[in-house]
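The values are calculated or read from the model by the stated rules, or taken from the named source; none is laboratory data. Nothing here was measured: the structure is a model prediction, and the numbers come from that model. Ideal geometry is used to build each Cβ from the backbone, glycine not excepted, and the neighbour counts take in all protein chains shown. Accessible surface areas use protein heavy atoms only, side chains included; no ligands, DNA or RNA. Shrake-Rupley method; radii C 1.70, N 1.55, O 1.52, S 1.80 Å.
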Amino acid sequence: NLTQHMRHESSFVNKYNKRKRREEKKFIPNLWYFSILVRNEMMMSRGGAMGSVVGRHVSSCFFSTTTVRGAANDSITGLFTGKGLERTAVTWIRFPVVVGVRNESTLALGEKDDHQEEKQAQTAGGSAGRPDDDKAIMSYWGIEPRKVTKEDGTEWRWNSFKPWETYKADLSIDLKKHHAPTTFLDKVAYWTVKSLRYPTDLFFQRRYGCRAMMLETVAAVPGMVGGMLLHFKSLRRFEHSGGWIKALLEEAENERMHLMTFMEVAKPKWYERALVITVQGVFFNAYFMAYLISPKVAHRAVGYLEEEAIHSYTEFLKELDNGNIENVPAPAIAIDYWRLPPDATLRDVVMVVRADEAHHRDVNHFASDIHYQGHELKVAPAPVGYH
């Protein structure tokens with residue numbers, strides 16, 4: 001009798017599966033079936049407890065997939081309750097899998113391990129961009145970051161600049177030098193910059209930390225614009241630039257490092273960020289057009305802008321000396337970039353930044369003088385590395 005029951009149930013399931021397979025093959029190229037035969041004799045001998053155990057085991061493995069409609073669905077209830085299990089036949093059908101598409105739950109054991117390893121590698125690569133993460137970024141192209149150390153052997157922590165790009169600022173530079181405007185274009189440049197000072201004083205007043213941050217977002221624009229236009233000019237004319245492309249881009253990068261430093265001291269508020277976006281957009285386009293029309297006026301205006309920056313940082317130092325602004329320890333990025341002593345303070349940072357602005361003043365007035373003498377910048381060697 002047992003053999004007859006098994007043959008009967010097996011024949012029933014096979015017929016049902018063949019019919020179902022023919023229907024599924026019309027629209028699904030790859031369909032897997034899993035069948036579980038639950039016999040009445042075994043279930044009745046083990047009782048309801050056996051049914052619940054099998055139900056829990058089966059549900060954890062197969063209940064995420066679709067079940068056969070019809071008579072098999074009616075048997076599921078009996079499988080969990082252990083009642084009414086006469087000639088029960090349950091067929092479980094896994095979700096259809098189209099060729100070329102795999103679900104993680106359908107992966108074989110070996111494939112699943114490989115898949116997990118791949119996901120872990122991707123996770124490591126995605127999180128390695130954080131400065132404090134020790135995981136390496138995996139690259140197909142074989143580009144690996146160089147391990148850079150300081151002179152004392154400690155690991156270099158900055159990606160935006162390297163130890164060989166750092167320097168000690170020349171604090172002996174003359175801060176009082178001034179180009180007196182004599183020509184009409186010089187006066188236009190001078191009074192344009194002067195007119196921009198009044199709304200800046202009104203907005204920031206004595207908040208020199210935020211003022212310095214705003215100033216650097218503007219001061220970093222001219223070097224980038226000038227270097228970019230000279231770069232395109234060199235490409236169009238098939239000629240060298242005399243090193244001025246590099247000199248102007250160095251200036252832009254140096255001003256950006258000023259901004260990265262003051263961001264550690266003064267955290268910008270939301271309206272200050274909005275102001276930066278507005279001012280930068282207006283100033284970039286205005287300076288771009290000015291440099292196309294008259295490079296000598298553009299460089300002269302930047303020279304006067306740097307003179308105003310020297311004045312602003314001098315006032316900043318006065319506020320620090322008077323105790324109106326707390327002389328906090330220097331940010332770590334400033335100590336590494338300017339090679340400051342470990343116990344350097346904010347006053348030391350303002351001193352070296354002011355010296356940088358004085359050097360930028362000289363470079364831009366020098367570039368304007370070259371144009372005023374009827375030459376192009378390439379005829380005079382660029383002051384590359386002039387800090």
Considering every residue within the stretch 169-179, establish whether at least one is more than 34 Å from the chain's Cα centre (by Cα), farther than 19 Å from residue 349 by Cα and open to solvent by less than 60 Å² (accessible area, probe 1.4 Å).
-> yes
Residues satisfying the stated conditions in the stretch 201-258, i.e. open to solvent by 60 Å² or more (accessible area, probe 1.4 Å), in contact with a Gly (Cβ under 9 Å, 6 or more places away or on another chain) and hydrophobic (A, V, I, L, M, F, W, C) | 249
Return yes when residue 287 is open to solvent by less than 60 Å² (accessible area, probe 1.4 Å), under 22 Å from residue 382 (Cα atoms), within 29 Å of the chain's Cα centre (by Cα) and not polar (S, T, N, Q) and no when it is not.
-> yes
Here the residues within the stretch 338-361 that are closer than 23 Å to residue 186 by Cα and either of a type in the set (Val, Ile, Thr) or out of contact with any helix residue (DSSP H, G or I) (no Cβ under 8 Å at 6 or more places or on another chain) (or both) are 359
Answer yes or no as to whether residue 205 is out of contact with any strand residue (DSSP E or B) (no Cβ under 7 Å at 6 or more places or on another chain) and at positive phi.
-> yes
Within the stretch 182-190, can one find any residue that is among the aromatic types (Phe, Trp, Tyr) and open to solvent by 50 Å² or more (accessible area, probe 1.4 Å)?
-> yes
Within the stretch 131-143, is there a residue that is of a type in the set (Asp, Glu) and in contact with a Ser or Thr (Cβ under 6 Å, 6 or more places away or on another chain)?
-> yes
Identify, by number, the condition in (1) open to solvent by 40 Å² or more (accessible area, probe 1.4 Å); (2) touching a residue at least 60 places away in the same chain (Cβ under 8 Å); (3) farther than 21 Å from residue 209 by Cα that residue 374 doesn't meet.
-> (2)
If you take the residues of the stretch 312-358 that are in a helix (DSSP H, G or I), open to solvent by less than 10 Å² (accessible area, probe 1.4 Å) and of a type in the set (Gly, Ala, Ser), which of them is nearest to residue 161 (Cα to Cα)?
-> 334
Hey, any hits in the stretch 296-310 for a residue that's over 25 Å from residue 355 (Cβ atoms), in contact (Cβ under 8 Å) with a residue 24 or more places away in the chain, in a helix (DSSP H, G or I) and basic (Lys, Arg)?
-> yes
Pairing a residue in the stretch 317-339 that is polar (S, T, N, Q) with any residue that is surrounded by fewer than 16 Cβ atoms within 10 Å (Cβ to Cβ) and part of a helix (DSSP H, G or I), where Cβ atoms lie under 7 Å and the two sit 6 or more apart in sequence or on different chains, gives 327/347
Return only the number of the condition from (1) closer than 21 Å to residue 314 by Cβ; (2) touching an Asp or Glu at 6+ places or on another chain (Cβ under 6 Å) that residue 262 does not satisfy.
-> (2)
For the stretch 269-284, how many residues meet the condition of being open to solvent by less than 50 Å² (accessible area, probe 1.4 Å) and over 23 Å from the mean Cα position of the chain (by Cα)?
-> 2
Within the stretch 145-159, can you find the residues that are under 18 Å from the mean Cα position of the chain (by Cα) and open to solvent by 60 Å² or more (accessible area, probe 1.4 Å)?
-> 145, 157, 159
